[in-house]
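The values are calculated or read from the model by the stated rules, or taken from the named source; none is laboratory data. Everything numeric here is computed off the predicted structure, so don't read it as measured data. Every residue, glycine as well, gets a Cβ built from its backbone with ideal geometry; the counts of neighbours run over all protein chains shown.
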Amino acid sequence: MSETYGIPRPSLRRLPIYYRHLIEMAERQVPYVSSKDLGQNAGVPASQVRKDLSYLHEYGRPGVGYDTKALAGYLEEFLGLANDKEAILVGVGNLGRALTLYPGFAQYGLQIIALFDIDPAKIGQTVGDREVLPMFKLVDLARRLKVQMGIITVPPHAAQEVASAMVSGGIKVIWNFAPCKLTVPAEVLVKSEDLAAELAALSHHIMRRSQVLAPATE
Ligand code: ATP
C-alpha cells in the first residue's frame, strides 16, 4: 500500500475528517471523543480509527476516549494546518472565482494571495479583495513572496503552460483542477482533482440505480 511519511495514504486522508469532527466537538465543549464516535463520522469502524491514530503514536484512554482539544491540536500540528500557506490561483473563471471566495480554506491555513488570468477583460477586475493580475507577473511575484502553492483552474489545454510558470516561480505544490496530466520536476507535488471524472462516476451510479428501480416493461 502506498505510504506518505510512514502512514498508509487512506489513513492520512482520514486524519482531516477526524480533525474536522474534533473541532466541532471542541466548539460544543465536549471534553473527550471516543474512537467509535470519530469512526462513525468518518464511515470507518472504531478499530480503524485507533489504528490510524496509532501511526501518530496517539492512544486514547480506555473508557474515556481521546482528549478532544489535545488530539485536535496534535492533528493540526501533524497536518501542518496551523501553518499559514500562501497560494496563488490561475484562471479566474467560474471555478477559480468560487475557490477564491470560499471562506472554508482559512480554517486550514490556506490563503489565496494573488489571482492571475490571461483574459484582458478579467485583468484588473477584483474578486473578493484581490485584483486579477496579468500572467507575466506570476513568476516574479511567486519568487518574491516565496509562494508555496499554486492552484490551477484554467481549461486543460492551458494547464501545462500554467504549471510550468508556477514551477519557474519556485512553487513546489500544485493543486490542479484541470482534467489533464501535468509534467513537473520530481520535487514538485501535484494533486489533481478531476471533477468531470467524479461526475461521470456519479452519473453511472444514478443510471444503474434507475435501471434497478425501473418497473419492468412488458
Ligand atoms: P468564464 O466564462 O468566466 O471564462 P469559465 O469557467 O467558463 O469562465 P474557462 O474556459 O474554464 O472559463 O477558463 C477559466 C479561466 O482560465 C478563464 O478566466 C480564462 O481566461 C483563463 N485562462 C485560459 N487560458 C489561460 C492561460 N493560458 N493562462 C491563464 N489563464 C487562462
Out of the stretch 49-75, which residues are free of Cβ contacts under 8 Å to residues at least 60 places away in the same chain and either in the same structural domain as M149 (by TED's automatic domain parsing) or among the aliphatic types (A, V, I, L, M) (or both)? V49, L53, L56, V64, A70, L71, A72
So is P155 near the ligand (Cβ under 9 Å from one of its atoms) and out of contact with any Cys (no Cβ under 8 Å at 6 or more places or on another chain) or not? yes
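In the stretch 180-194, how many residues are part of a loop (DSSP other than H, G, I, E, B) and either over 16 Å from K146 (Cα atoms) or not hydrophobic (A, V, I, L, M, F, W, C) (or both)?
Number of matching residues: 10.
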Which condition number does K85 fail, the rest of (1) touching a residue at least 40 places away in the same chain (Cβ under 8 Å); (2) more than 15 Å from the chain's Cα centre (by Cα) being met? (2)
Selection from the stretch 1-36 of residues of a type outside the set (A, V, I, L, M), surrounded by fewer than 18 Cβ atoms within 10 Å (Cβ to Cβ) and assigned to a helix (DSSP H, G or I) yields R9, P10, R13, P16, R20, E24, E27, K36
Of the residues that make up the stretch 45-53, is at least one surrounded by 15 or more Cβ atoms within 10 Å (Cβ to Cβ), at pLDDT 90 or above and either touching a strand residue (DSSP E or B) at 6+ places or on another chain (Cβ under 6 Å) or under 30 Å from I112 (Cα atoms) (or both)? no
With the requirement that a residue be among the basic types (K, R) and near the ligand (Cβ under 9 Å from one of its atoms), what does the stretch 97-132 give you? R97, K122
